[in-house]
Amino acid sequence: EGPFVDITGTYDVVRKEPVIHITRIIHRKDPIYHGILPAGPEHLLMMGVPYEPRIYRA
């Protein structure tokens, strides 16, 4: 897929991504939904989590 604009504003490389096939959907009244938009504050925060141990050890 791609090329897509990366979180940094540059174009990401073209690559194959996994495809999922949905066989069932479950729903309920008053669902809890949490969406994370690309380049939003939550997305930026989550991108930093893998770097925390490296920074701590430095």
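The values are calculated or read from the model by the stated rules, or taken from the named source; none is laboratory data. Small disclaimer: the values here were computed from a predicted structure and weren't measured. Reconstructed Cβ throughout: ideal geometry from the backbone, glycine too, with neighbour counts over all protein chains shown.
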Scanning for something at pLDDT 85 or above, loosely packed, with under 10 Cβ neighbours inside 10 Å and in a loop (DSSP other than H, G, I, E, B), does the stretch 8-19 turn up at least one residue?
-> yes
Just need a number here: residues in the stretch 29-58 that are aromatic (Phe, Trp, Tyr) and assigned to a loop (DSSP other than H, G, I, E, B).
-> 1
Working only within the stretch 34-47, note down all residues that are of a type outside the set (A, V, I, L, M) and either surrounded by 10 or more Cβ atoms within 10 Å (Cβ to Cβ) or over 21 Å from Gly9 (Cβ atoms) (or both).
-> His34, Gly35, Pro38, Gly40, Glu42, His43
